[in-house]
Amino acid sequence: SRLRQEDSPPRIVEHPSDLIVSKGEPATLNCKAEGRPTPTVEWYKDGERVETDKDDPRSHRMLLPSGSLFFLRIVHGRRSKPDEGAYVCVARNYLGEAVSRNASLEVACES
């Protein structure tokens, strides 16, 4: 399995940007990566891997085919704030990995 000429390591072509979202609203963190073979994308929040519908079909977080992370609704309680934090997306193929810029997701306070 030697390196084929046309193969290339991943690079992030669209980075996520900071979001401020209301609780219960949908949200999308964008991420698009290029590379050959097509890189797999994973998301990390505060350094921990984010579980999506690929890991748990009941998850409220979906990994879109583009690599973006879609939240059906932002979950935010007094005790648990599972969606708030700093996110990065990581694209990988056998040639290496690329990490996006940090994007923070904040939940807007109810007035």
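Annotations for the structure displayed:
- D_trans [Stokes-Einstein, Kirkwood Rh over alpha-carbon pairs] for region 64-103, 10 °C, 1.306 mPa s, µm² s⁻¹: 128
- Normalised per residue, the accessible area of the chain is 64 Å², obtained with a 1.4 Å probe and no contribution from ligands, DNA or RNA.
- Förster-model FRET efficiency, 22 Å R0, Glu6 and Val99, C-beta, rounded to 0.05: 0.40
- Table column - 3J(HN,Hα) (Hz), region 14-24, Karplus curve with 6.51, -1.76, 1.60, x for Gly and Pro: 9, 9, x, 10, 4, 10, 10, 10, 7, 4, x
- Using a probe of 1.4 Å on the protein chains alone, the accessible area found for Thr40 is around 90 Å².
- Exposure ranking of His60, His15 by accessible area [1.4 Å probe, largest first]: His15, His60
- Fully extending the segment from Thr40 to Asp55, taken as 0.36 nm per residue of separation minus the present Cα-Cα distance, adds 4.0 nm.
- For region 4-111, with all protein chains in place and a probe radius of 1.4 Å, 47% of the accessible heavy-atom surface sits on carbon or sulfur.
- When the Cα convex hull of region 23-66 is projected onto planes of every orientation, the mean area is 4.0 nm².
- Which of Tyr87, Tyr94, Tyr44 is most accessible, then next, and so on - probe 1.4 Å: Tyr94, Tyr44, Tyr87
- Surface calculation, 1.4 Å probe, protein heavy atoms: Asp56 sits at approximately 40 Å² accessible.
- Under the Karplus curve 6.51 cos²θ - 1.76 cosθ + 1.60, θ = phi - 60°, whole-Hz ³J(HN,Hα) for region 80-97, x wherever Gly or Pro sits: 10, 10, x, 9, 7, x, 9, 10, 9, 10, 10, 9, 9, 9, 5, 8, x, 9
- In range of the label at Val13: residues from region 43-73 whose backbone nitrogen is under 15 Å from the point 7 Å along Cα→Cβ: 65-68
- Note on region 1-47: Kirkwood hydrodynamic radius from all Cα pairs is 13.3 Å, rounded to one decimal.
- Note that region 1-104 shows a convex hull volume over its alpha carbon atoms of 100 Å³ per residue.
The values are calculated or read from the model by the stated rules, or taken from the named source; none is laboratory data. For clarity, every value in this text was computed on a predicted model and none was experimentally measured. Because the Cβ atoms are built from the backbone with ideal geometry, glycine has one as well, and the counts that use them run over all protein chains shown. Ligands, DNA and RNA are stripped out before the accessible areas are found, and what is left, the full protein with its side chains, is counted by its heavy atoms. Shrake-Rupley method; radii C 1.70, N 1.55, O 1.52, S 1.80 Å.
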